[in-house]
Amino acid sequence: MLKRVALSELETGMYVHKMLGGWLDHPFWKAKFLIGDANRLETLRASRLEGVIIDTAKGKDIRLADEATPAAAVRTGSKAAPGRIGALRQRKSIEPPPIMPTSTAQEVQAAEHIAGAAQKSLSRAFLAARLGKALNVRAVEPVVRDVYDSVRRNPQAFSGLMRCKLSNEFVYRHALAVSALMVSLAARMKLSDHETYQAGMAGLFLDIGTNYLPKEIAPANGDYRNAGAKIWEQHVVLGHRALENEGTVPRPVLEACLHHHERMDGTGFPKGLKADDIGQLARMAALCDSFDYMLTDSAGSSPLDPAQAVRKLVEMEGAFDPVILRQFIESVGLYPVGSFVRLRSERIAMVIDEDKEANAKPVVQAFYSLATGKKMKPLRIILADSDEEDEIVDIADLSGLDLEAQERLREVLFLGAHSSG
């Protein structure tokens, strides 16, 4: 039987069927679980949840009033004890359940479904913002959680999909791509699970402020970078204000949204902050956001190949945190998924997966022979294989070759390479 229970009535041995509140109201990762120890019980009681639904078929039932202890008789509306306040302030994260790793091919199928559902959720939330309605962070909770879980299962699939489907509507694709990059980077940096989750949330909301920019000059795809510096630079302040007014967004996420265009050398905006004045999450966001932007058209610049974008970040000496930059490159690879490369065998290939043991030797799909000047049947090559003598010579130049547009080519090759698993 399902019963609604006040937080003060919870006891160890009860089975939580549903938590009544948003994901920012508690630090738990599983939606359903057994209250197995005092630590989990105290964390629940200290949360901002309105209550929980318990399942008495899977755990203890609520005790009758005459059986209750004085402590259990306290209702959630009463004044919280100091210990509960302290626990709430600390917001300690409960360790997420272990997730079994999946192959890239397996996860790509899940990632396509997640991306489709996420775009619908984001479009509703962003449309509400454009109409001047209050931002509803809870409405996109499932998006953050799904992206986080996908990247935990496989660090390349979701990001690779976003990188190889650039034809998708810019605003939503960019938000999802940066969210996934932030989660991967946080994992590489060995941040806590709670911090990693916040990183994913920050990535999703970095450019929420573009929804508050002048509608009369709104570009068709929502990319305001070409609208002029004065207008473009407003989006960080507007986004920060909207998120702050929402009232539940964690401080590190707010700071990342405000400062993700700041640069270590002081050349960024909106405040021209330098080095240690920029928070860790904002430094991470600066890299992830810049990398994904480089993959798309902008005023005066053509989209870069993912491997070219990595090199560009390195060349921007002084702009980014060098330690985090190195960890970012470790997370995406020297040749990220979606990069076109020229092989020593005079074949052109696209990177379709990473090799965890060999950063410079990813898994590629050869599709063009320079020797014959013709397309070839796609061939999967594991460059790190001891029996494989081929290697990457450089980033490939596809200009002048009889091939479809690069955006379409990436999508076809990536999905074709991972069509089964």
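Rule-based calculations on the coordinates, nothing more; no lab input. This structure is a prediction, so every number in the text was calculated from the model and none was measured. Here Cβ is always computed from backbone atoms with ideal geometry, including for glycine, and neighbour counts include all displayed protein chains.
Quick notes on this one:
- If R0 equals 35 Å, the separation of the Cβ atoms of E112 and D37 corresponds to a calculated FRET efficiency of about 0.35.
- The chain - charge dipole about Cα centre, Lys and Arg +1 at Cβ, Asp and Glu -1, debye rounded to 20: 1520 debye
- Segment L334..V412, full-extension length gain: 25.9 nm, with 0.36 nm per residue of separation and the alpha-carbon distance subtracted.
- Förster radius 35 Å - calculated FRET efficiency between D265 and A405, Cβ distance, rounded to 0.05: 0.45
- Relative contact order (percent, whole number), the stretch 340-417, Cα cutoff 8 Å, 6+ residue spacing: 31 percent
- Model label zone, R48; criterion: amide N under 20 Å from point 7 Å along Cα-to-beta-carbon; scope the stretch 237-275: 239-258
- Pairs from the table (K190/K271; K133/K312; K30/K312; K230/K274; K120/K361; K133/K230) lying more than 31 angstrom apart at Cα are K133/K312; K30/K312; K120/K361.
- Charge tally in the Cβ shell below 13 Å around H260, where Lys, Arg are +1 and Asp, Glu are -1, H260 excluded: -4
- For the chain: relative contact order, % (alpha-carbon pairs under 8 angstrom, 6 or more apart): 12 percent
- Two tests apply to each whole DSSP H helix in the chain, Cα reach of 20 Å or more along its axis and mean Kyte-Doolittle hydropathy of at least 1.0, and the ones passing both are 170-188.
- The separation of the stretch 234-288 from the stretch 354-421, counted between C-alpha centres, amounts to 37 Å.
- Förster radius 51 Å - calculated FRET efficiency between N226 and K356 (Cβ-Cβ, nearest 0.05): 0.85
- Taking label positions 7 Å along the Cα-Cβ direction at both A134 and M316, the computed distance is 3.6 nm, reported to one decimal.
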